[in-house]
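Comments concern the structure below.
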Amino acid sequence: MSRFFSDKFAALTPYTPGEQPQDKQYIKLNTNESPFPPSPSVALAAREEGEKLHLYSDPENLRLRQKLAERYGVKPSQVIVSNGSDDVLNYAFMAFGDEQHPMLFPDISYGFYPVFAKLNRIPYTEAPLTADFRVDIKDYVNSRKTVVLANPNAPTGIALGLEAIEQVLSGNPDNVVIVDEAYVDFGGESALSLLPHYENLLVVRTFSKSRSLAGARLGFAIGSEELIRDLNTIKYSINPYSVNRMTEACGIAALEEDSYYMDNCRTIMETRCWTIKALEALGMEVLPSSTNFIFAKSDKIDGEKMYVELKKRGILVRHFASPRIREYNRITIGTQAQMERLGQNIEELLKDC
């Protein structure tokens with residue numbers, strides 16, 4: 001770092017995104033992207049809006065918020081959109097975390113949570129997952145902290161039921177509970193139905209996974225009008241034009257063809273089921289998953305070696321070096337053909353062990 005870099009960020013360790021190597025063509029099963037392209041209308045909407053790029057986008061993103069409100073049965077004033085769900089999550093950390101409201105999230109979860117906390121100088125606690133990698137609700141009830149839960153969780157893929165989320169909400173009436181639902185369309189239960197009953201609930205979602213728009217960068221949150229006003233105070237103090245014209249047009253078009261994307265989600269879930277059975281038949285352990293990825297390990301080969309060997313064979317999966325999960329790899333569910341190729345290569349690897 002330069003000698004000009006602020007001391008307040010000197011100890012910051014940035015989030016590490018999934019690798020995007022360019023040296024050859026890979027089967028990419030490492031970043032939880034959809035294997036399916038967006039619907040044709042999305043590309044058309046982007047091209048049409050591209051002719052207007054000399055004009056600023058709508059800072060209120062009203063048309064997109066109206067579409068989202070219609071889709072999820074809320075008011076447009078209950079919706080905020082921004083440049084990916086990471087952007088929205090950072091606003092939420094800034095708005096609802098401080099010395100009086102420290103943050104609480106699992107020790108094994110989305111790697112950006114501790115980064116956001118450190119970036120914004122917010123005290124935080126990481127509650128350990130249980131031995132079988134589940135969230136222990138007792139750690140979050142009456143916590144007197146701002147709670148952040150990825151549901152389903154990442155990288156484990158395990159989901160909490162609504163009863164558990166409601167326990168956390170009712171047990172923390174004076175603190176915001178942020179439920180990060182990036183993967184909920186692949187088999188989880190959304191907490192959106194609880195919104196009328198809990199003013200402290202904020203649900204964060206993304207277009208990156210189930211709506212095939214990872215490259216467009218579009219995320220949103222839904223909560224009470226008061227919570228959304230708080231987030232907008234942060235957003236309009238940083239970048240009111242955080243969603244560009246083309247991305248907004250893509251989001252609107254995607255919502256207008258919702259059935260296309262939900263059909264894709266069902267296909268991914270079917271492929272996930274096939275993949276779990278195939279890997280278990282090879283003697284691998286696979287955690288229960290309600291996401292578009294699985295978390296798996298083998299007793300015959302350590303996690304890092306499997307990751308390295310698969311990469312040599314042109315298949316990318318995600319390996320984490322944290323001690324509790326280093327034997328596992330997170331594997332995105334791709335097309336049926338891609339998962340069959342994965343299974344064949346893992347079978348070959350295990351034969352040599």
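The values are calculated or read from the model by the stated rules, or taken from the named source; none is laboratory data. A quick note: this is a predicted structure, and the numbers were derived from the prediction, not measured. Using ideal geometry, Cβ is built from the backbone for each residue, glycine included, and neighbour counts are taken over all protein chains shown. The area values use the complete protein model at the heavy-atom level, side chains included, leaving out ligands, DNA and RNA. Shrake-Rupley method; radii C 1.70, N 1.55, O 1.52, S 1.80 Å.
Key figures
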| read-out | value |
| --- | --- |
| The stretch 203-353 - Rg (one decimal) and Dmax (whole number), Cα, Å | 19.4, 59 |
| Net charge contributed by nearby residues that have their C-beta within less than 13 Å of residue 335 (K/R +1, D/E -1) | 0 |
| Size of electric dipole in the stretch 12-104: Cβ of Lys, Arg +1 and of Asp, Glu -1, about Cα centre, debye, nearest 20 | 400 debye |
| Computed helical MRE - 222 nm, the chain, DSSP H runs ≥ 4 contributing -39500 (n - 2.57), nearest 500 | -11500 deg cm²/dmol |
| Integer Hz, Karplus 6.51/-1.76/1.60 couplings in order for the stretch 155-169, x for Gly and Pro | x, 6, x, 8, 10, 8, x, 5, 4, 5, 4, 5, 4, 5, 5 |
| Radius 12 Å from Cβ of residue 94, net charge of other residues (Lys, Arg +1; Asp, Glu -1) | -1 |
| Sequence ranges 258-271, 321-334, 69-82, 149-162, ranked by mean other-Cβ count within 10 angstrom, highest first | 149-162, 321-334, 69-82, 258-271 |
| Scaled radius of gyration (Cα, divided by 2.2 N^0.38 Å) that the stretch 1-156 gives | 1.31 |
| For the stretch 215-220, Karplus couplings with θ = phi - 60° (6.51, -1.76, 1.60), whole Hz, Gly/Pro x | x, 8, 6, 8, x, 8 |
| The chain, relative contact order [Cα under 8 Å, separation at least 6], % | 23 percent |
| Stokes-Einstein translational diffusion, the stretch 118-236 - Kirkwood Rh over all Cα pairs, 1.567 mPa s, 4 °C, in µm²/s | 86 µm²/s |
| Base-10 log of normalised Debye intensity for the stretch 226-276 (one unit scatterer per alpha-carbon) at q = 0.13, 0.14 Å⁻¹ | -0.59, -0.65 |
| Length-normalised contact order for the stretch 190-285 - Cα pairs under 8 Å, 6+ apart - percent | 22 percent |
| Computed magnitude of the charge dipole of the chain (debye, nearest 20; Cβ of K, R +1, Cβ of D, E -1) | 780 debye |
| Sequence ranges 43-54, 285-296, ranked by mean other-Cβ count within 10 angstrom, highest first | 285-296, 43-54 |
| Area of residue 197 that stays accessible when all protein chains are in place (1.4 Å probe, Å², to 10) | 130 Å² |
| Gyration tensor (Cα) of the stretch 124-172, equivalent ellipsoid semi-axes in angstrom | 17, 13, 9 |
| Average Cα contact separation per residue, the stretch 107-252, under 8 Å, 6 or more apart, as relative contact order % | 16 percent |
| Among 41, 147, 353 - extreme Cα towards positive end, dipole of the chain, charges at beta-carbon | 353 |
| Square roots of five times the Cα gyration tensor eigenvalues for the chain, Å | 32, 26, 21 |
| Cβ crowding within 10 Å averaged over residues, with 33-41, 217-225 ranked highest first | 217-225, 33-41 |
| Value of Rg to Rh for the stretch 85-164 (Rh from inverse mean 1/r over Cα pairs, i.e. Kirkwood) | 0.94 |
| Cross-link table 28/311; 277/297; 118/145; 277/311; 8/118, entries beyond 20 Å C-alpha to C-alpha | 277/311 |
| Alpha-carbon centroids, the stretch 61-97 and the stretch 247-274: separation in whole Å | 19 Å |
| Paired Rg and Dmax values of the stretch 1-49, which use every Cα atom, in angstrom | 18.8, 49 |
| Accessible carbon and sulfur surface of the chain relative to its total accessible area, %, 1.4 Å | 49 percent |
| Backbone HN-Hα couplings from phi across the stretch 183-198 [Karplus 6.51/-1.76/1.60, Hz, Gly and Pro as x] | 10, 5, 6, 9, x, x, 9, 6, 7, 4, 5, 8, 3, x, 9, 9 |
| Compactness of the stretch 191-237 as Cα Rg over 2.2 N^0.38 Å, two decimals | 1.31 |
| Solvent-accessible heavy-atom area per residue, rounded to whole Å², over the chain at 1.4 Å | 46 Å² |
| Semi-axes of the equivalent ellipsoid for the stretch 164-203, Cα gyration tensor, largest first, Å | 18, 9, 9 |
